[in-house]
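Note sheet for the following structure.
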Amino acid sequence: MTTTIVALVLISAAMHPLREYFIKSDATPEGVTLAVVFQFGVFAGIHAWVLGVDPWISFKVWPFMVVSGFGLLFYYWSVVTTLRTGDLSIYYPITRSSPIFVVIFGYLILGETYSLTMLLGIALVLIGAFLLQYKPGTRLLSQPLTLWFAVLAMYGHGVITLADAAAVRQVEPMAFLFCMYLFVIPAMTLMFVVTRPAGRTVYGHLFVGWVQSPFRFLIAGSTAYASYYLILTSFQLGANVAAVSAIRQVSIPLSVLMGGLVLKETRMNSRLGWSLMLAVGVVVIILAD
């Protein structure tokens with residue numbers, strides 16, 4: 001794995017927790033999520049226009065667009081359903097464990113092979129990521145339905161990763177994102193309207209945040225787009241999908257620091273210790289690829 005690809009993935013991971021922070025701390029998480037998705041489409045369109053890229057050419061990979069779009073809707077639906085009843089500190093690592101899905105799918109379906117060293121690195125990353133967020137004394141199986149939705153979210157994220165990685169090796173990332181989000185934005189709006197809590201208006205559920213905290217919404221969307229564009233660029237440069245998915249887990253210790261310094265969360269010492277395991281796993285992956 002080249003230093004350029006590693007740098008792109010690490011910069012992306014550094015920005016990723018900002019979106020999670022704004023979604024977690026906002027009174028209208030669905031509104032923040034829809035704002036992020038909307039800005040993905042807008043920024044991708046502007047990006048393509050500035051660079052003179054014809055976005056419509058991306059329809060030549062429309063099967064990947066369909067798979068990724070449905071995966072995105074399924075992922076967000078599963079995440080929202082999970083977090084309605086589940087503790088973020090328990091279930092977030094599960095929804096972020098898509099490298100497991102990517103490796104298994106790549107091996108069984110795509111015929112890809114991975115060295116034992118890379119598999120060891122991915123295992124260290126996933127174990128470290130899980131232990132960072134796991135709260136001692138809790139039981140995962142105490143909420144089996146919630147656990148099931150968290151696993152479904154992990155599958156959805158894995159599908160998105162594989163489809164996008166294949167697509168951007170044939171078309172420009174911003175063109176692909178722009179065309180896909182033309183369909184994802186209205187579909188997600190409808191999904192959140194239909195699933196909104198009883199008694200809450202559509203405006204109060206999805207759009208009031210643009211009036212009350214517009215800068216939060218803008219920062220959440222712009223950093224999320226920049227973060228994911230860097231990931232798609234790394235795929236375009238030929239990066240190993242499983243390795244990139246694992247290295248992105250470095251965003252978890254960054255979120256731990258954010259939680260301790262900004263949200264005043266506890267257990268900082270133990271969490272930073274598990275962060276070291278995750279960091280070692282990242283180094284192993286980089287050296288093995």
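The values are calculated or read from the model by the stated rules, or taken from the named source; none is laboratory data. The shown structure was predicted, so the numbers you read here are calculated from the model rather than taken from an experiment. Every residue, glycine among them, receives a Cβ derived from its backbone with ideal geometry; neighbour counts consider all protein chains shown.
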- Evaluate the following for Pro29: is it at pLDDT 75 or above and farther than 17 Å from Tyr155 by Cβ? yes
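For (1) touching a Cys at 6+ places or on another chain (Cβ under 6 Å); (2) at pLDDT below 75; (3) loosely packed, with under 15 Cβ neighbours inside 10 Å, each residue gets a yes or a no:
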position: Leu206; (1), (2), (3): no, no, no
position: Phe215; (1), (2), (3): no, no, yes
position: Thr223; (1), (2), (3): no, no, no
position: Ser227; (1), (2), (3): no, no, no
position: Val250; (1), (2), (3): no, yes, no
position: Thr266; (1), (2), (3): no, yes, yes
- In the stretch 182-200, anything among the hydroxyl-bearing types (Ser, Thr, Tyr) and in a helix (DSSP H, G or I) is listed as Thr189
- Message: Quick check on the stretch 12-19. Is at least one of its residues in a helix (DSSP H, G or I), surrounded by fewer than 21 Cβ atoms within 10 Å (Cβ to Cβ) and of a type in the set (Lys, Arg)?
- Response: no
- Message: It is to be established whether one or more residues within the stretch 43-56 are within 15 Å of Leu182 (Cα to Cα) and without any contact (Cβ under 8 Å) to a residue 60 or more places away in the chain.
- Response: yes
